[in-house]
Amino acid sequence: SSPDYVLPDSSSRLYSADELSGLSNWELYLARNEIYARHGRMFQKEDLQSYFNGQSWYTPRYAPEEFDSLGLLSDVEQQNAATMLGLEQSRGSEYL
């Protein structure tokens with residue numbers, strides 16, 4: 001695993017809500033957006049853009065409004081992002 005990723009294998013392995021429940025709200029927020037960042041998505045929220053700009057693997061390529069129409073995410077990535085978002089919503093995360 002790489003120290004540069006919150007969840008290094010979120011693009012290749014499905015996570016359960018139970019597995020993710022140990023992450024803080026901030027870690028969940030980063031892990032969910034890391035799925036998009038791997039594909040070069042840029043972010044409107046400064047905290048996210050600043051965080052990913054500091055990652056060695058990150059190459060910003062697509063504006064947020066452009067990214068969603070490209071269909072770059074795999075089924076596994078989409079399901080993981082949805083699971084993370086659901087957990088964040090159930091917690092009332094301050095990062096939503």
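The values are calculated or read from the model by the stated rules, or taken from the named source; none is laboratory data. These numbers come from a predicted model, not from an experiment. Because the Cβ atoms are built from the backbone with ideal geometry, glycine has one as well, and the counts that use them run over all protein chains shown. In case anyone asks, the SASA skips ligands and DNA or RNA and just uses the protein heavy atoms, side chains included. Shrake-Rupley method; radii C 1.70, N 1.55, O 1.52, S 1.80 Å.
Odds and ends about this structure:
- Mean sequence separation of contacting Cα pairs (under 8 Å, at least six apart), scaled by the length of the chain, corresponds to a relative contact order of 40 percent.
- Local net charge near THR59, Cβ-Cβ under 11 Å (Lys/Arg +1, Asp/Glu -1): +3
- Summarising the amide proton neighbourhood of TYR62: residues at separation of 5 or more, or on other chains, whose placed amide H is nearer than 5 Å comprise ARG41, MET42.
- Take 31-38, 19-26, 79-86 and order them by the average number of nearby Cβ atoms within 10 Å per residue, most first; the result is 31-38, 79-86, 19-26.
- Average 1/r across all pairs of distinct alpha carbons in the chain, invert it, and you get the Kirkwood radius: 13.6 Å.
- With the whole protein complex present, SER16 retains an accessible surface near 50 Å², based on a 1.4 Å probe.
- Highest-first arrangement of 40-53, 65-78, where packing means the average Cβ count within 10 Å: 40-53, 65-78
- The chain: angle of helix 25-37 to the longest principal axis, Cα-based, in degrees nearest 10: 40 degrees
- Surface share of carbon and sulfur [accessible, 1.4 angstrom probe, percent] for the chain: 47 percent
- Nearest 10 degrees, 0 to 90: helix 75-91 Cα axis against the chain principal axis: 60 degrees
- Mean ellipticity per residue at 222 nm, deg cm²/dmol - from DSSP H runs of n ≥ 4 across the chain, formula -39500 (n - 2.57): -13500 deg cm²/dmol
- Label-to-label distance, SER69 versus HIS39, with points set 7 angstrom from Cα along the beta-carbon direction: 1.5 nm.
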